[in-house]
Amino acid sequence: MAYRVRGRAGPAQPRRARRLLFAFTLSLSCTYLCYSLLCCCDDLGRSRLLGAPRCLRSPGASGQKLLPKSRPCDRPGPPPSAPGPRAPASNHSGAPKPGTKRLPQALIVGVKKGGTRAVLEFIRVHPDVRALGTEPHFFDRNYGRGLDWYRSLMPRTLETQITLEKTPSYFVTQEAPRRIFNMSRDTKLIVVVRNPVTRAISDYTQTLSKKPDIPTFEGLSFRNRTLGLVDVSWNAIRIGMYALHLESWLRYFPLAQIHFVSGERLITDPAGEMGRVQDFLGIKRFITDKHFYFNKTKGFPCLKKTQSSLLPRCLGKSKGRTHVQIDPEVIDQLREFYRPYNIKFYETVGQDFRWE
């Protein structure tokens with residue numbers, strides 16, 4: 001008769017070992033799961049997307065044993081790159097805005113107080129022209145920002161439309177012709193010129209409205225008025241030396257790519273001047289006499305009511321200021337100073353602006 005001896009090592013002992021191993025494995029798995037959940041949640045306990053990549057914080061001594069293969073957190077580095085371009089803005093109908101932002105094919109490059117704002121506002125009436133309303137000063141002050149930044153400022157245009165911007169200080173900026181040429185040698189340039197004496201007085205009047213304590217016009221214009229020595233270092237005087245500045249442009253652009261608008265004729269015959277601008281840009285003569293009326297208060301033409309504007313549109317309050325009174329002798333001296341520059345300018349561009 002066989003007897004079973006209790007406590008003897010037999011089949012029960014391996015089963016107990018397997019249970020202990022199973023319990024230890026289960027405990028280890030739960031610990032790993034809890035640790036993973038903690039790493040996937042932010043400090044407020046809100047769960048992040050589990051599918052997003054997430055690094056594990058450096059574990060302690062026990063953690064190193066439990067998670068020997070876990071990827072440690074990356075060291076601090078530069079911030080992530082900017083997100084990709086946003087989806088095109090939509091109009092009221094929900095459709096993307098038509099057109100593309102392009103570098104300008106035409107520029108109004110000068111001159112200050114010559115009538116550049118009037119030309120810009122008038123040409124914007126044309127359906128084939130889209131123009132930037134502000135002055136970006138890219139080719140004189142912001143060139144370091146790059147062409148992509150410059151392009152981002154432009155309005156959207158269709159293939160049949162021209163992109164245009166104006167910054168009058170380009171004309172007297174030494175580096176501007178080369179920089180514009182490097183952008184596109186086919187760029188069309190518009191220069192609005194005006195009697196340099198009248199332009200200087202207008203320039204001074206604008207400055208005086210902002211800085212009432214500046215010296216007199218006469219004091220700024222001359223180094224020695226008795227000897228007739230004009231101070232060409234004063235910007236208001238130097239801008240009017242058109243022939244001098246034009247030399248820099250003709251090193252890069254042929255005269256056929258530069259159109260000169262008379263600031264005086266822009267007042268007396270806006271439709272005629274704008275007709276020539278439209279011809280230069282290669283667009284149909286859409287802007288005509290029907291678009292203008294003369295504002296006696298301001299002393300220059302304004303735009304009539306159009307389909308896109310319920311009211312007539314004139315230039316801002318800063319335009320049409322009454323000029324300060326200048327001694328006629330000072331005006332005569334400045335006319336004599338500018339005469340040789342004017343004659344050279346007439347000969348170069350092939351137009352007589354009749355400033356004498």
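The values are calculated or read from the model by the stated rules, or taken from the named source; none is laboratory data. Note that this is a predicted model, so its numbers are computed, not measured. Backbone-built Cβ (ideal geometry, glycine too); neighbour counts: all protein chains shown. The accessibility values were calculated without ligands, DNA or RNA, using every heavy atom of the protein model including side chains. Shrake-Rupley method; radii C 1.70, N 1.55, O 1.52, S 1.80 Å.
Listed here are the residues, each with its yes/no results for (1) surrounded by 20 or more Cβ atoms within 10 Å (Cβ to Cβ); (2) part of a helix (DSSP H, G or I); (3) aromatic (Phe, Trp, Tyr).
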residue: 237; (1), (2), (3): yes, yes, no
residue: 249; (1), (2), (3): yes, yes, yes
residue: 252; (1), (2), (3): no, no, yes
residue: 256; (1), (2), (3): no, yes, no
residue: 271; (1), (2), (3): no, yes, no
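Could you check, for segment 162-170, whether at least one of its residues is of a type in the set (Ser, Thr, Tyr), assigned to a helix (DSSP H, G or I) and either at pLDDT 95 or above or under 15 Å from the mean Cα position of the chain (by Cα) (or both)? Yes; the residues of segment 162-170 include at least one that is of a type in the set (Ser, Thr, Tyr), assigned to a helix (DSSP H, G or I) and either at pLDDT 95 or above or under 15 Å from the mean Cα position of the chain (by Cα) (or both).
Condition check ((1) touching a residue at least 24 places away in the same chain (Cβ under 8 Å); (2) among the basic types (Lys, Arg); (3) in contact with a strand residue (DSSP E or B) (Cβ under 8 Å, 6 or more places away or on another chain); (4) within 23 Å of residue 275 (Cβ to Cβ)) across all residues:
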{"residue": "106", "(1), (2), (3), (4)": "yes, no, yes, yes"}
{"residue": "149", "(1), (2), (3), (4)": "no, no, no, no"}
{"residue": "161", "(1), (2), (3), (4)": "yes, no, yes, yes"}
{"residue": "177", "(1), (2), (3), (4)": "yes, no, no, no"}
{"residue": "189", "(1), (2), (3), (4)": "yes, no, yes, yes"}
{"residue": "192", "(1), (2), (3), (4)": "yes, no, yes, yes"}
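Take the residues in segment 172-200 that are among the polar types (S, T, N, Q) and more than 21 Å from residue 113 (Cα to Cα), then tell me which one is least open to solvent (accessible area, probe 1.4 Å). My answer is 187.
Of the residues 151, 102, the single one that is open to solvent by 20 Å² or more (accessible area, probe 1.4 Å), of a type outside the set (Ser, Thr, Tyr) and over 25 Å from residue 255 (Cα atoms) is 151. Among the conditions (1) surrounded by 13 or more Cβ atoms within 10 Å (Cβ to Cβ); (2) assigned to a loop (DSSP other than H, G, I, E, B); (3) not polar (S, T, N, Q), residue 213 misses just one, which is (1).
Residue-wise test of (1) at pLDDT 90 or above; (2) surrounded by fewer than 13 Cβ atoms within 10 Å (Cβ to Cβ); (3) not in a loop (DSSP other than H, G, I, E, B).
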position	(1), (2), (3)
285	yes, no, no
293	no, no, yes
302	yes, no, yes
331	yes, no, yes
340	yes, yes, yes
345	yes, no, yes
348	yes, no, yes
351	yes, yes, no
354	yes, yes, no
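On the basis of being surrounded by fewer than 19 Cβ atoms within 10 Å (Cβ to Cβ), within 14 Å of residue 253 (Cα to Cα) and at pLDDT 95 or above, does residue 156 make the cut? The answer is no for residue 156. Selection of first residues in segment 263-292 that are in contact (Cβ under 8 Å) with a residue 40 or more places away in the chain and farther than 17 Å from residue 114 by Cα and of second residues that are of a type outside the set (Gly, Ala, Ser) and open to solvent by 60 Å² or more (accessible area, probe 1.4 Å), restricted to Cβ pairs under 6 Å at least 6 apart or on distinct chains, gives the following pairs, ordered by first then second residue: 278/285; 291/304. The residues of segment 127-147 that are within 20 Å of residue 278 (Cα to Cα), crowded, with 16+ Cβ neighbours inside 10 Å and not basic (Lys, Arg), listed by number, are 128, 129, 131, 132.
Being open to solvent by 40 Å² or more (accessible area, probe 1.4 Å), out of contact with any helix residue (DSSP H, G or I) (no Cβ under 7 Å at 6 or more places or on another chain), closer than 20 Å to residue 113 by Cα and not hydrophobic (A, V, I, L, M, F, W, C), is that true of even one residue in segment 216-233? Yes - at least one qualifying residue is present in segment 216-233.
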